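Written out below as structure tokens is the structure these notes cover.
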Amino acid sequence: MYPRRLRNTLEAGSDDSWRSTIALDKRSAKSFIRINDRIRAREIRVIDENGEQMGILPPFEALRIARERGLDLVEVSPNAVPPVCRIQDYGRYLYEKEKSERAARKKQKVIVVKEVKFSVTVDEHDYQTKKNQAVRFLNDGDKVKASLRFRGRQMAHRELGYAIINRLIQDIGEAGIVEFMPRMEGTILHAILAPAKKQEAPKPKPAAAPAVQAQ
């Protein structure tokens, strides 16, 4: 069922009001955060805007205090017994929450798979160009899919394709490690290479103090 104010708006047939109502409720519905009179617990543990414990109160009493201070009552720990609610500015709470989630996403490394395509008839110059691309991708922290498509009668000479992919693996050397060895899927031979783990250079040992000779 729609919330009461949204249902009334829909029945009124006002498209503009319907869109604005959805916009107002979008952030709350997305994060499933209960605030103010949406808090249904019989009693809650309350923390004020300064982080001080206010004890266990009925929600209506905590909401009265929040409104007297021009703030909101936000349920921050719904699974606690009793649920924990905080008196704070809800808009600022959402802003800080989104900011911290965005910072956490920036710290996550997204692994991208870059494909380098070969053919059985690849010449030396083209091979070197594609090999250098693969090395650059691996050095940038991306995985590499080396693929080679057999066409027509080339399927009778698969050993030529295996030779090219295996040569690539050897030439890449320490820049990458083989995650999936060369294998056939239909008419395509492919292998997956992952960036090699960078080893930290050993820290230099402090020089020993020269021994003092007794005179």
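Throughout, read-outs are computed from the coordinates displayed, never taken from laboratory work. Computed from a prediction, not measured in an experiment: that's the story for all the values here.
For this structure, a couple of remarks:
- Computed over the range 99-170, the quotient of the alpha carbon radius of gyration and 2.2 N^0.38 Å is 1.50.
- Cross-link table Lys106/Lys130; Lys117/Lys143; Lys143/Lys197, entries beyond 19 Å C-alpha to C-alpha: Lys106/Lys130
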